[in-house]
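Okay, so here's the structure we're looking at.
The values are calculated or read from the model by the stated rules, or taken from the named source; none is laboratory data. All figures in this text were calculated on a predicted structure; none of them were measured in a lab. Neighbour counts run over all protein chains shown; Cβ positions are idealised from the backbone, glycine included.
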Amino acid sequence: MKTLERTRKSLTNTVTMSSSSAIATVTTTVFEVGKHTTVLQKVESRTTCCTAKASPPLPVPPPKPLLIVMPCEAGEFPLLVFVHGYLLYNSFYSQLLQHIASHGFIVIAPQLYLVAGQDSSDEIKSVAATTNWLSEGLHHLLPPYVKPNLSKLGLAGHSRGGKTAFALALEKAATTLKFSALIGVDPVDGMDKGKQTPPPVLTYVPHSFDLDMATMVIGSGLGELKKNPLFPPCAPEGVNHKDFFKECKGPASYFVVKDYGHLDMLDDDTEGIRGKATYCLCKNGKSREPMRKFIGGVVVAFMKAYLGGDSSDLMAIKGGQTGPVELQTVEYVL
């Protein structure tokens, strides 16, 4: 709470400065790879670990398969739980998660399902179970010199995973650990207003989200446009980033990236039928790298601000240092 209030005051002072103030002179390197070398580790869940080839078996296996991305160097690092989008694999976000981890974070990305219906209740419970597992099981999977700081914990999700992240933050399932920062990456709450998937998250009441944490919503400028007449838009109006941000209380940040689409933060090479479909179903930008770098960078800046008390990079982005992309919307609620 002290970090949240300190960062809120810092950003409040920044907002009230004149346009010729120090913001303009601040630059940020968060859009580039950080100083840490990273490693990706795939971990089987408690339902499959007994048949896994690796031995010995894990003392406390996770409730869902995980992709863990961490710095290789010694240190104590904040954590980010990242929730994948609808019918996507957590591995499709490997480049994005490596970017975040390279700046000094441990990222935990559960694979929630392979096939799913409209109801996301089980996904919310699974993310809660994964979060609860962290305190008893995570240290068994990390090198002894890599220490997780469970008191500095962020939660993020993309698309339907963004909805799931908000639902968990709104306590639609219980967790033993407390989140301090919440990020929705082009979150989607269904097909249209009035066609929300259960359980609905949006209430359409401004600033109604009762969240004791900082929030950030990132939107894609092309997400609400159709790729072709055969498919609906991937982030339809009425249930997308605009609506999520309207319900956030301060401190809340909002960035909409111009000329990039709903899936443009995924890896360049997404394999298999699902991977190929990510290039066909949604309207895309010219390439994925710029969007991926921006999202990785702004997530790092946000986490540094609200988990580490260093708001300089987030201030720089709000002041116009947007790296490889152009933004069509920047808003902030104190």
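Kindly evaluate Leu153 against the criterion of being crowded, with 18+ Cβ neighbours inside 10 Å and in a helix (DSSP H, G or I).
Spelling it out, it is not the case that Leu153 is crowded, with 18+ Cβ neighbours inside 10 Å and in a helix (DSSP H, G or I).
When residues of segment 221-260 are filtered for being over 27 Å from Pro199 (Cβ atoms), modelled with pLDDT of 95 or more and touching a Leu at 6+ places or on another chain (Cβ under 8 Å), how many remain?
Final tally of qualifying residues: 4.
Scanning segment 262-286 for residues that are outside any loop (DSSP other than H, G, I, E, B) and of a type in the set (Lys, Arg), which turns out nearest to Pro324 (Cα to Cα)?
Restricting to residues being outside any loop (DSSP other than H, G, I, E, B) and of a type in the set (Lys, Arg), the top hit is Lys276.
Taking the options Ala165, Ala173, name whichever one is buried (at least 16 other Cβ atoms within 10 Å of the Cβ) and either not in a loop (DSSP other than H, G, I, E, B) or not hydrophobic (A, V, I, L, M, F, W, C) (or both).
The conditions single out Ala165.
Could you please give the count of residues in segment 40-67 that are modelled with pLDDT of 90 or more, surrounded by 17 or more Cβ atoms within 10 Å (Cβ to Cβ) and part of a loop (DSSP other than H, G, I, E, B)?
Counting residues in segment 40-67 that are modelled with pLDDT of 90 or more, surrounded by 17 or more Cβ atoms within 10 Å (Cβ to Cβ) and part of a loop (DSSP other than H, G, I, E, B) gives 6.
Select, from Thr203, Thr176, Thr215, the only residue that is in contact with a Cys (Cβ under 6 Å, 6 or more places away or on another chain), of a type in the set (Ser, Thr, Tyr) and over 26 Å from Ser287 (Cβ atoms).
It is Thr215.
Could you check Ile108 against (1) under 15 Å from Met70 (Cβ atoms); (2) surrounded by fewer than 16 Cβ atoms within 10 Å (Cβ to Cβ) and say which number it fails?
(2)
Within segment 252-273, how many residues turn out to be buried (at least 24 other Cβ atoms within 10 Å of the Cβ) and in contact with a Phe, Trp or Tyr (Cβ under 9 Å, 6 or more places away or on another chain)?
Residues that pass the stated criteria total 7.
From the set of residues in segment 96-105 that are within 15 Å of Gln41 (Cα to Cα) and touching a Pro at 6+ places or on another chain (Cβ under 9 Å), which is surrounded by the most Cβ atoms within 10 Å (Cβ to Cβ)?
In this case the residue turns out to be Phe105.
Part of a helix (DSSP H, G or I), more than 20 Å from the chain's Cα centre (by Cα) and not aromatic (Phe, Trp, Tyr): which single residue out of Ser135, Ser126 fits that description?
Only one candidate qualifies: Ser135.
Hey, Arg292 hits all of (1) surrounded by fewer than 24 Cβ atoms within 10 Å (Cβ to Cβ); (2) in contact with a Pro (Cβ under 7 Å, 6 or more places away or on another chain); (3) in a helix (DSSP H, G or I) but one; which does it fall short on?
Failed condition: (2).
Kindly establish whether Phe209 is in a loop (DSSP other than H, G, I, E, B), out of contact with any strand residue (DSSP E or B) (no Cβ under 6 Å at 6 or more places or on another chain) and over 24 Å from Tyr89 (Cβ atoms).
For Phe209, the condition - in a loop (DSSP other than H, G, I, E, B), out of contact with any strand residue (DSSP E or B) (no Cβ under 6 Å at 6 or more places or on another chain) and over 24 Å from Tyr89 (Cβ atoms) - is met.
Write out, first by first residue and then by second, each pair whose Cβ atoms fall under 8 Å of each other, whose residues are 6+ apart or on separate chains, and whose first residue, in segment 115-138, is closer than 18 Å to Glu44 by Cβ while the second is among the aliphatic types (A, V, I, L, M) and modelled with pLDDT under 95.
Trp133/Val60; Glu136/Val60; Gly137/Leu58; Gly137/Val60
Going through Lys125, Lys147 one at a time, which residue ends up being surrounded by fewer than 19 Cβ atoms within 10 Å (Cβ to Cβ), over 25 Å from Pro233 (Cα atoms) and touching a His at 6+ places or on another chain (Cβ under 9 Å)?
Only one candidate qualifies: Lys147.
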